[in-house]
Amino acid sequence: MQTSLFDLSPAAARTGPAAAPAELPTSSVPAALDRGHLYSPRGPEVADHRPGALYGPLPRSRPGAAWRGWRDAEASVPTPDYLGLRAGDAITVQHPCTVESATVVSTCRFGALVRYPLPPCDWSTATHAEQYVTARNPAGHWYR
């Protein structure tokens, strides 16, 4: 039960379905859990994880001008899913102050591209925004 406006206890913070502690989805990319956060491990930090059905851990990005080659050749490779997310799935995205509904547009080795509606405003005609999500928090919301 929330006892004040800023109660940040774990029980008050949960607004969605919580993931089971040992739940690792079968996915095209590797899956791992760290303190309840689901993510795809990268580089040499891979410890306890479920291997991906199609890909191993994504190598770390390269510095400088080599970054574009890494992005094009490795990170942006399309996948059938990303940690169980597939194009068309409806999810929630955790922003710093809000949780928004979003739809998965596409997936790749790096993450899932999602689209969410923007509120109407006087200074922009945009109706939607897109961002990548790469992890899921214990409350079930996705974030980058």
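Observations on the structure shown:
- Computed on the Cα trace of segment 23-144, the radius of gyration divided by the Kirkwood hydrodynamic radius gives Rg/Rh = 1.00.
- The gain in end-to-end length when the Arg115 to Ala53 segment is fully stretched comes to 19.7 nm, 0.36 nm per residue minus the alpha carbon separation.
- Per residue, segment 28-74 exposes 62 Å² of solvent-accessible protein surface, assessed with a 1.4 angstrom probe and all protein chains in place.
- Amide H contacts of Leu83: Ser28, Val29, each under 5 Å away and 5 or more positions distant or on a separate chain (H built 1.01 Å from N in the peptide plane; Pro and chain starts excluded).
- This model, with +1 at the C-beta of Lys and Arg and -1 at the C-beta of Asp and Glu, gives segment 36-144 a dipole about its Cα centre of some 320 debye.
- Ranking of Arg35, Arg60 by solvent-accessible surface, largest first: Arg35, Arg60 (1.4 Å probe, protein heavy atoms only, all chains present).
- Here r is the Cβ-Cβ distance between Ser76 and Glu100 and R0 is 25 Å; the resulting FRET efficiency, rounded to 0.05, is 0.55.
The values are calculated or read from the model by the stated rules, or taken from the named source; none is laboratory data. Source: prediction; values computed, not measured. Note that we place each Cβ from the backbone using ideal geometry, even for glycine, and neighbour counts take in every protein chain shown. Side chains are part of the model used for accessible areas, which takes the heavy atoms of the whole protein and leaves out ligands, DNA and RNA. Shrake-Rupley method; radii C 1.70, N 1.55, O 1.52, S 1.80 Å.
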